[in-house]
1. Using 0.36 nm times the number of residues separating ASP45 and ASP120, minus their current alpha carbon distance, what extension gain do you get?
2. For a quick size check, give me the Cα extents of the chain along its three principal axes, largest first, whole Å.
3. Report the gain in length on full extension from CYS90 to VAL131: 0.36 nm times residue separation, minus Cα-Cα distance, nm rounded to one decimal.
4. Hey, what number do you get for the chain at 222 nm if only DSSP H runs of n ≥ 4 count, each worth -39500 (n - 2.57), divided across all residues, to the nearest 500?
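Rule-based calculations on the coordinates, nothing more; no lab input. These numbers come from a predicted model, not from an experiment.
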Amino acid sequence: MEKARKLNEVIQLKKEAELTFQTEKLALSLIPKKLLIGNTYEKLDDDIKSTNKHKWKIYVSSADGDDLNSCIQEVEFVLHPTFFPPTLICKHGPFEVSRLGWGSFQIGVNITWKNGKKSDFKHDLCFDNPVTENSVDVILK
């Protein structure tokens with residue numbers, strides 16, 4: 001009888017430990033992932049004969065310095081239709097695209113997470129500062 005009682009206690013402790021583990025796992029999954037979506041910018045010399053006098057880079061990075069390869073499957077950047085190709089996909093970090101251009105426009109930033117979820121953002125390409133970025137919180141369930 002004593003062995004049966006101890007076995008039941010062990011089984012109960014195992015169930016409680018599993019429940020605690022699952023609760024902690026859920027709590028961690030609800031912590032927002034802080035992302036930075038932004039662009040860098042550099043004006044090229046006026047001596048260049050091209051109308052594309054702006055060198056820029058659009059990017060997605062972690063605000064906390066985390067490696068995003070563990071949670072991002074791909075990032076799709078949707079550029080102005082005058083670019084060829086206008087849609088670019090990065091399947092591993094760094095998640096960024098660099099180009100030359102003559103003006104600013106809105107860039108679509110579509111993230112596919114490794115859990116299958118998707119997050120879509122817009123970023124206004126800005127030439128006013130060397131770096132322009134926005135912080136966004138994403139909850140990965």
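1. Gain on stretching ASP45 to ASP120: 23.5 nm.
2. Computed over the Cα atoms, the extents are 92, 26, 18 Å.
3. 12.7 nm
4. Only helices count here, giving -7000 deg cm²/dmol.
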